[in-house]
Amino acid sequence: MILHEVLTTEKVPITYRVAGLGARSLAWLVDLLLSALLGLIGACFGMVLDVARPGLGAGVTILWVFAVFLGYSVLFEWLWQGQTPGKRLLGVRVIEWRGTAVSFVASAVRNVVRMADVLPLGYGLAFVVAACNRENRRLGDLAAGTLVVYVERQAKPILALHAGGDADRARLSLWRQRLGTLGREQKQALLDLCLRRDQLRVGERARLFRTTAAFFQERLDLAPDEYESDEKFVLQLAAALGDRAG
Amino acid sequence: MDLSTFLQQRRPEWRRLEEVLERVEGSGLSTLDDDQAVEFGRLYRRAASDLNQAQTFVSGDATVRFLNDLVGRAYLAIYGKARIDLWALLRHLAWGYPAVFRRYFGHFLLATALFAAGTLFGFLASYFDASTARPYLLPAEMSMIQPRGEGEADTTPLMGTGELAAFSSFLFTNNTRVTLLAFALGMTLGVGSAWMMFYNGIITGVLWAVFIEAGQWRTFATGILPHGVVEIPAMLIGGAAGLLLGQGILRARPWPRAEELARVGKEAFLLVSGAVPLLVAAALIEAGVARAPDWFLSSGLKLAVAGVVGLSFVAYVALLGWGRRAAGGETP
């Protein structure tokens, strides 16, 4: 996974995950279909108008199709903070190099330079250029100083802590007391494991929780409930630890 | 600091920031009232500071990730979105654009020189070796442009408003596409843009020779000049923007090339965007004046239109916008 680090105006470094070519191509496909649909709607309207006033409908159609061709991406990216319907569906978004939302001019530049990207055939230049730089930027992105990143909203690790926190009060206080004897690194490891458990593969997850549960059972002299899984036990420990200060 | 204490203390504010953020991402910053806006700013700064702290003192990777995503989203929502002001846009077109044009006049001259060289080459080739030059140099759809036979009267019917609308929209979209492509091809180190200028010159030169040979220079002039005096400069502006872009890639600067390219890209776009109103005017004039049958508009009148349009274009780019700083970045 390629990360793009920016420094906010508050001088705090934040990282964005650079979007892959697959997600971007799919987003483009969705947008292509949608803009073709929009063009078609305009063409139908134009045909009706053409019956009433020969020529005028054709003129309107030509202008409308051209406006969709040029304006679709620019307008959406500008209004939806770097997202078109396709990008929204695929969970990617255009941002400026410095990490801010894409401006109108930058979006216009990257979408006009698309005309060079599609050359010589089917985005050939775009693919070659995107493959040759770290952030998968096509020519339009280079000219506009933009890049496409994944929108991050899957992380809800804080809620995960409470998944298993239904231990009764007396047991909880005992646990807290024992947990207080842990060193900082051990606490950290415990919390980290719980927070990141969804990122682990099933086998590793089971193995890690088994080892961890065994370690803390011995270290804290605590026993899990009957039929309680290793993972549940460790989660309850973490929950007790998280609640300690409150 | 202890991670659990840290989480415990800061969690409510992060939750609150998430809530506000959901709303802002859904319906925009403007839906927040004053108090909420202030709160949003405060929550964002606190979260940014928490992230900073987490990166330094807490090794909890997931916490840092979570905060990173939260702050990243808030950062995008808060910074870097300028509202477009219609009045400012008009002001820019009137005064800002001529200054931008003059700033890159050198690029415009270079594009013009390439175009002129192409014209000369096309003319000479077409004049002295017509049988080879014309089929090779002219695009297939242009071979139908032929001078009228000796003594043949212009019997083209006058176009109705509907046809006029269709024809001018076709011309506008076509020319705009060519102009924007000339700009976009600047990404090929300017080679593509330069070639487009040269090639469009060739076409003009070849056709010129065709009409001269038939002794109809007047027909050629009236057919091309009324709109050509703005259409050709508009296309040259596209070429100039492309050359500027190419220069941005090639030129060494004290800062990274990617940064220079992004800066120049916006400038070049500013330059080419001014060609669009010119192309609207050119399309209307071409459909309405230049292609009007001779029995409707005399060639003298057409040439007069060409003169007036040409002079107004020169006056626009030469006289307006002095004495105030043009929009867009100055060349450092």
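Can you give the calculated 222 nm mean residue ellipticity of chain A, where each DSSP H run of n ≥ 4 adds -39,500 (n - 2.57) and the sum is split over every residue, rounded to the nearest 500 deg cm²/dmol? Mean residue ellipticity at 222 nm (helix-derived): -19000 deg cm²/dmol. Applying 1/(1 + (r/R0)^6) with r as the Cβ-Cβ distance of B:Trp255 and A:Ala214 and R0 = 51 angstrom yields a FRET efficiency of 0.35. Here the calculated FRET efficiency for B:Ser49 and A:Leu3, from their Cβ-Cβ distance with R0 = 35 Å, stands at 0.95, rounded to the nearest 0.05. From the square roots a ≥ b ≥ c of the eigenvalues of the alpha-carbon gyration tensor of the stretch B:192-283, which class results: rounded (a/c under 1.5), prolate (a/b over b/c), or oblate? It is oblate, given that a/c is not under 1.5 and a/b is not larger than b/c. Using the rule -39500 (n - 2.57) for each DSSP H run of four or more residues, divided by the residues of chain B, the 222 nm mean residue ellipticity is -25000 deg cm²/dmol. Largest accessible area first, the residues A:Cys132, A:Cys194, A:Cys44 order themselves as A:Cys132, A:Cys44, A:Cys194 under a 1.4 Å probe with ligands, DNA and RNA left out. Here the average projected area of the convex hull drawn through the C-alpha atoms of chain A stands at 20.2 nm². If R0 is taken as 25 Å, the Cβ-Cβ distance between A:Ala206 and A:Tyr227 corresponds to a FRET efficiency of 0.95. Sorting A:Val102, A:Val202, B:Val276 by solvent-accessible area of protein heavy atoms yields A:Val202, B:Val276, A:Val102, largest first, with a 1.4 Å probe.
Take the Kirkwood radius over Cα pairs of the stretch A:1-106, plug it into Stokes-Einstein at 10 °C and 1.306 mPa s, and you get 100 µm²/s for translational diffusion. Inter-label distance, B:Val191 to B:Glu39: 5.9 nm, where each label sits 7 Å from its Cα along the C-beta direction. Taking label positions 7 Å along the Cα-Cβ direction at both A:Arg176 and B:Trp87, the computed distance is 6.1 nm, reported to one decimal. Residues considered: B:Gly205, B:Gly26, B:Gly215. Largest GNM mean-square fluctuation over chain B, using C-alpha springs under 10 Å, is found at B:Gly26. Under the combined filter of DSSP loop state and at most 13 neighbouring Cβ atoms within 10 Å, the stretch B:33-139 retains these trypsin sites (Lys or Arg not before Pro): B:Arg83.
The values are calculated or read from the model by the stated rules, or taken from the named source; none is laboratory data. Just so it is clear, the structure is predicted and the values come from calculations on it, not from any experiment. We place every Cβ from the backbone using ideal geometry, glycine too, and count neighbours over all the protein chains shown. All accessible areas refer to the heavy atoms of the entire protein, side chains included, with ligands and DNA or RNA removed. Shrake-Rupley method; radii C 1.70, N 1.55, O 1.52, S 1.80 Å.
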